[in-house]
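The structure appears below as structure tokens.
The values are calculated or read from the model by the stated rules, or taken from the named source; none is laboratory data. These figures come from a predicted structure and were not determined experimentally. Note that we place each Cβ from the backbone using ideal geometry, even for glycine, and neighbour counts take in every protein chain shown.
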Amino acid sequence: MSDDKAKSKGLSEAAPKPHYLGHRERARERFNMVGGDALADYELLELLLHIILPQRDTKALAKDLLSRFGSFSEVLGAPPARLAEVKGLGDISITHIKIMQAVALRYGRDQIDTEKPILASWSQLIEYCHSAMAYETLEQFRILFLDKKNRLIADEVQQVGTVDHTPVYPREVIRRTLELSATALILVHNHPSGDPAPSAADVRMTREIAEIAKPMGITLHDHIIIGRSGHVSLKGLKLL
């Protein structure tokens, strides 16, 4: 081996490691010591991006995403087209972010014990619906179908609408209920505006479904409206 080649090899072997590797190791150690709940949003998002982009320094990217979308949940829930506007994210990394969102939603759904009455897992149900719908940019109309013991049979998004309207057909709701042999329902939809206050149309539609369902022995327990900052129960407002 020539002297020049030997020197080149020595320089290559002595090349410093990327500066972010030490920071990355410290971030993982901090997570192991204190857990995710003790981390700021940007710290947890940075750790997630470490997995997706192992060869990149992701601290600045995490802060950019949070600045752009507002919160950790809104980053995961952002449409792929919006994520594509962020410098540093490509098709593969965007797909990985949406996979992480799907994993989080599946975990949340699995926290609802299907062997127990869903009304006994109300807080878990609200958390799941909020995670699944609060940051969607279009309205979704979701139905939870229950058996005679109020256990969850199915969770289905029946309609997806526009930014401020979802077409709902009460007779289609009842038809699907009968197909699944369900005896009770919980309706859920989101308001992309962020304000969960029910509209007059929301109230009319809910009452129409209740009126059709009652003679058929189907109970409508509630209609929940999800917003970014919280939720509203039509039953709790005595509108059902």
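Remark: pairs (first residue in region 181-207, crowded, with 21+ Cβ neighbours inside 10 Å; second residue basic (Lys, Arg) and at pLDDT 90 or above; Cβ separation under 7 Å; 6+ apart in sequence or on different chains) = VAL188/ARG142; HIS189/ARG142.
Of all residues in region 42-92, exactly one satisfies the criterion of being among the acidic types (Asp, Glu), surrounded by 14 or more Cβ atoms within 10 Å (Cβ to Cβ) and part of a loop (DSSP other than H, G, I, E, B), namely ASP57.
A quick yes/no check of all residues on (1) charged (D, E, K, R); (2) free of Cβ contacts under 8 Å to residues at least 40 places away in the same chain:
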residue: ALA104; (1), (2): no, yes
residue: ARG109; (1), (2): yes, no
residue: TRP122; (1), (2): no, yes
residue: GLU127; (1), (2): yes, yes
residue: SER131; (1), (2): no, no
residue: THR137; (1), (2): no, no
residue: LYS149; (1), (2): yes, yes
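Could you pull out the residue among PRO192, PRO215, PRO198 that is assigned by TED's automatic domain parsing to the domain that holds ILE153 and touching a Ser or Thr at 6+ places or on another chain (Cβ under 7 Å)? Talk me through it step by step, then tell me what you get.
Numbers: PRO215 fails: touching a Ser or Thr at 6+ places or on another chain (Cβ under 7 Å); PRO198 fails: touching a Ser or Thr at 6+ places or on another chain (Cβ under 7 Å).
Going through PRO192, PRO215, PRO198 in turn, just one is assigned by TED's automatic domain parsing to the domain that holds ILE153 and touching a Ser or Thr at 6+ places or on another chain (Cβ under 7 Å): PRO192.
Does VAL168 fit the bill of being more than 19 Å from the chain's Cα centre (by Cα), aliphatic (A, V, I, L, M) and farther than 15 Å from TYR135 by Cα? Yes; evaluated as a whole, the condition is true for this residue. Summed over region 119-138, the residues that are among the small types (Gly, Ala, Ser), assigned to a helix (DSSP H, G or I) and out of contact with any helix residue (DSSP H, G or I) (no Cβ under 6 Å at 6 or more places or on another chain) give a count of 3.
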